[in-house]
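For reference, the structure discussed in these notes is given below.
The values are calculated or read from the model by the stated rules, or taken from the named source; none is laboratory data. Because the structure is predicted, anything quoted here is derived from the model rather than measured. Quick reminder, even Gly has a Cβ in these numbers, built from the backbone with ideal geometry, and neighbours come from all protein chains shown.
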Amino acid sequence: MISFETISDYNDFNNHETLHPLVSVIDFSKAEVRTGKKMYFGLYCIFLKDVKCGDIIYGRNYYDYQKGTLVFVSPGQVVDVANKTEPYQPMGHGLVFHPDLLNGTSLGKTINSYNFFSYQTNEALHLSDKERLLVLNLFSKIKSELELNVDKHSKKLIATNIELLLSYCERFYDRQFITREDVNKGILERFETLLNNYFQSRQTQNFGLPSVAYCAEQLNLSANYFGDLIKKGTGKSAQEYIQNKVIEIAKERIFDTNKSISEVAYELGFKYPQHFNRLFKQKVGLTPNDYRNMN
């Protein structure tokens, strides 16, 4: 496995001069011909590649990757390229920056809000031609700043342009959620089926309430991407969606007067009945007992 801890490490790997110790814009056509490799990154990376160079593996999943997509990597990630043993010439462009670049900048306070940097995000950003041109223009602005002499304004200007790029990527992802509505609808339907089966099989008694992470894993998605998809598709967070499903099922089971409210709570996966009572009143406006008596 190749490890990239510094900007200089990655520049050397791609035959680039290091103009700034904390950030670089890469033209992959300058790199030597190579084969797919397993790589560890201690850097933030945004890759816009113009050649299919094998199947990228993130965690246990394959990245939804093809020519002309943006791929995001954050420090601590291991990227593996499978099914590519024949030499190929890398093509495309990339932006890499060290976490230290963000210290004392506004981007340093918000970088964790960009979910597409998450480790198991296995949904790449597919760009239109206009979006691709905008990304390349921002890469070019950052490169132009790197080619100037470093002064007290350099760090702020570079970080500001990176933040602008990431904000555009957020917009592009919002667009992608809309244009991929049919695919996302299928995931929503599978999510609903997953929850129904989970409660019907009484897995709650062994494993408790289903978590967002569990549901995402069952659907082969990262927790962050799954959460964003559910939010865009339903207007509710994945956690809210699960809670609403719990209340929907609870309303049915409460009418079984042979069971106490505590028994219903345990059946639904609550460790403590008072947690169930609190959630039910929050969602319905009545305690479970009041709801049972009213009906």
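State whether one or more residues within segment 256-277 are touching a Lys or Arg at 6+ places or on another chain (Cβ under 6 Å) and either more than 30 Å from HIS126 (Cα to Cα) or among the charged types (D, E, K, R) (or both). Yes; the residues of segment 256-277 include at least one that is touching a Lys or Arg at 6+ places or on another chain (Cβ under 6 Å) and either more than 30 Å from HIS126 (Cα to Cα) or among the charged types (D, E, K, R) (or both). Selection of first residues in segment 229-249 that are more than 21 Å from PHE199 (Cα to Cα) and of second residues that are not in a helix (DSSP H, G or I), restricted to Cβ pairs under 8 Å at least 6 apart or on distinct chains, gives the following pairs, ordered by first then second residue: LEU229/LEU221; LYS231/SER237.
Which residue, of ASN206, ASN184, ASN220, ASN224, is closer than 17 Å to ALA238 by Cα, exposed (fewer than 15 other Cβ atoms within 10 Å of the Cβ) and either modelled with pLDDT under 90 or among the acidic types (Asp, Glu) (or both)?
Answer to the selection: ASN220.
Within segment 265-295, the set of residues being touching a residue at least 24 places away in the same chain (Cβ under 8 Å), of a type in the set (A, V, I, L, M) and farther than 19 Å from SER211 by Cα comprises VAL284 only.
Restricting attention to segment 97-119, and to residues there that are farther than 11 Å from GLU163 by Cα, of a type in the set (Ser, Thr, Tyr) and in a loop (DSSP other than H, G, I, E, B), which single residue is modelled with the highest pLDDT? Selected residue: SER118. Against the definition (modelled with pLDDT of 90 or more and out of contact with any Pro (no Cβ under 8 Å at 6 or more places or on another chain)), how does GLU240 come out, yes or no? Yes. Within segment 164-184, the presence of a residue that is more than 30 Å from LEU70 (Cα to Cα) and touching a Leu at 6+ places or on another chain (Cβ under 7 Å) is excluded.
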